[in-house]
Amino acid sequence: SDAICNFVICNDSSLRSQPIIFNPDFFVEKLRHEKPEVFTELVVSNITRLIDLPGAELAQLMGEEDPKLPGANSTASGFFRSLMSLKRKEKGVVFGSPLTEEGIAQVSQLIEYLHKNLRAEGLFRVPGNSIRQQILKDALNSGTDIDLDSGEFHSNDVATLLKMFLGELPEPLLTHKHFHAHLKIADLTLFDEKGNKTSTPDKERQIEALQLLFLILPAPNRSLLKLLLDLLYQTAKKQDKNKMSAHNLALMFAPHILWPRNVTANDLQENITKLNNGVTFMIKHSQKLFKAPAYIRECARLHYLGSRAHTSKDDLDLLTSGSKELQPLKSQKRSRLDTCHQEETQQRTEEALKELFRHVHNMPDSAKKKKLIRQFNKHPTAPTPGSDVPTSPAPQRTRSRSFSGLIKRKVLGTPVILERKSRDATPEPERVSKENVHLLQKCGSPAHMSQAKLKSLEGQKEESCRRMRARLLSKDSSSL
């Protein structure tokens, strides 16, 4: 993290052109590290959607029960197990010990060297020199620095030693509890139009199932498996030189990375071909198997963003289907953002209008001021000089019940409450101004007015109110 921070704040112009690395599985790794139980439940629920795991096999995959492996109760297997335990009695830092990051760091030297020497014919099949292998093994176990490029060791020595390291691990690289899941993944085949299984492998589902299964591997196993499969993938690409195809490499490595420990070929019987084909498939598609499926990435991201987390690919489908599921969430979020933006814009507009009105109100009396006030009155959303306009303290005035008093209170921002709202009710005599009486006398009683006369009266009243408001503002500017 310090290196990343130093890179970000570095002012060196030569580093500004460096690409910014973005890990699409960031939230996946974060969830795996911080909440392993939630992560495992999420992944396993999607694995069981793809392959059928009975209760016992599911419990083994979850680590709730000890794996029940083929040939575990046979006499031959017991003898073989004793022989292998004697062979691994003297454990070093690397060989024969449980997989650790330190061991991976030592073995990665072998993998890096082999990447430079992939053209050797019969690589991983032709055994190397046993004396040179023992020297190299002791050096790795003791942590001594070694120089593989010195020419002291042959590529076949290094390749054989890598297989020896994998074979002496206490359990296979793909672990015992995943054994039955790999058998089921190898059985995934396509269906015909009638819904019957065919013999054609369903590659997309197999890739998806392996992606999920690799996600719940222990971190050291997953790291070394990625290094190993990438090496075998590059080796198979040069099979015209080394004569080692993906299938040939699978025959060399399946017993070391997938077969259960202390079992023989007789224990596996018909499963040998299935396991070999499974490793062949891993080598061919290794570049896709260590990417979390899109819906797992989205579930992990939503988990940390506080949104509703989906727990299955059925809820958030892969790629295109997943984006369709997210459209309601995106549209809701977009609508909320639009609403907030509109409210903020309206609020800023109102504040600007109020500030402009204060400026006009504080201007000295003039024709320009009256003109500006008339423009404010014509605007439907123009502010009225209420509590926002600073006014000098004035003595309490007696409330006026005249029509002009109502106009004053309206202009000054005082709330006007009409006690009687009935259309047929006539105003009380003491509340009617002279201009209002004149209008009533001219137009007649409201009860006998026609619709045209009512409209005409309303227009005249509005015009009278507008003139009265302007007159009051010009006369009472000092008191306001």
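List of remarks:
- Which listed residue, of Lys203, Lys226, is closer than 21 Å to Lys163 by Cβ, open to solvent by 50 Å² or more (accessible area, probe 1.4 Å) and out of contact with any Leu (no Cβ under 7 Å at 6 or more places or on another chain): Lys226
- The residue that is farthest from the chain's Cα centre (by Cα), counting only those in the range 38-72 that are over 15 Å from Leu212 (Cα atoms) and part of a helix (DSSP H, G or I), is Ala56.
- Residue in the range 229-246 that is within 29 Å of the chain's Cα centre (by Cα), in a helix (DSSP H, G or I) and surrounded by 18 or more Cβ atoms within 10 Å (Cβ to Cβ) present: yes
- Residue check, Gln109 modelled with pLDDT of 85 or more, in a helix (DSSP H, G or I) and either open to solvent by 60 Å² or more (accessible area, probe 1.4 Å) or over 30 Å from Asp145 (Cβ atoms) (or both): no
- Evaluation of Glu102 against the conditions (1) buried (at least 17 other Cβ atoms within 10 Å of the Cβ); (2) free of Cβ contacts under 8 Å to residues at least 60 places away in the same chain shows that the sole unmet condition is (1).
- Qualifying residue in the range 155-177 (condition: touching a residue at least 40 places away in the same chain (Cβ under 8 Å), over 24 Å from Leu289 (Cα atoms) and within 39 Å of the chain's Cα centre (by Cα)): yes
- Residues of the range 124-159 classified as part of a loop (DSSP other than H, G, I, E, B), open to solvent by less than 80 Å² (accessible area, probe 1.4 Å) and not small (Gly, Ala, Ser), total: 6
- Pairs with Cβ under 8 Å, 6+ apart, first in the range 257-284 and in contact (Cβ under 8 Å) with a residue 40 or more places away in the chain, second of a type in the set (Val, Ile, Thr) and assigned to a helix (DSSP H, G or I): Ile257/Val279; Leu258/Val279; Gly278/Ile185
- The C-beta contact set for the range 352-377 (first residue within 20 Å of Arg466 (Cα to Cα), second residue in a helix (DSSP H, G or I) and open to solvent by 40 Å² or more (accessible area, probe 1.4 Å), distance under 6 angstrom, 6+ apart or interchain) comprises Val360/Leu372.
- In the range 117-134, the residues that are without any contact (Cβ under 8 Å) to a residue 12 or more places away in the chain and farther than 12 Å from Asn156 by Cβ: Ile131, Gln134
The values are calculated or read from the model by the stated rules, or taken from the named source; none is laboratory data. From a predicted model like this one, the values you see are computed outputs, not experimental measurements. In this analysis, Cβ positions are derived from the backbone assuming ideal geometry, glycine residues included, and neighbour counts consider all displayed protein chains. Quick note on the areas: whole protein, heavy atoms, side chains included, nothing else; ligands and nucleic acids left out. Shrake-Rupley method; radii C 1.70, N 1.55, O 1.52, S 1.80 Å.
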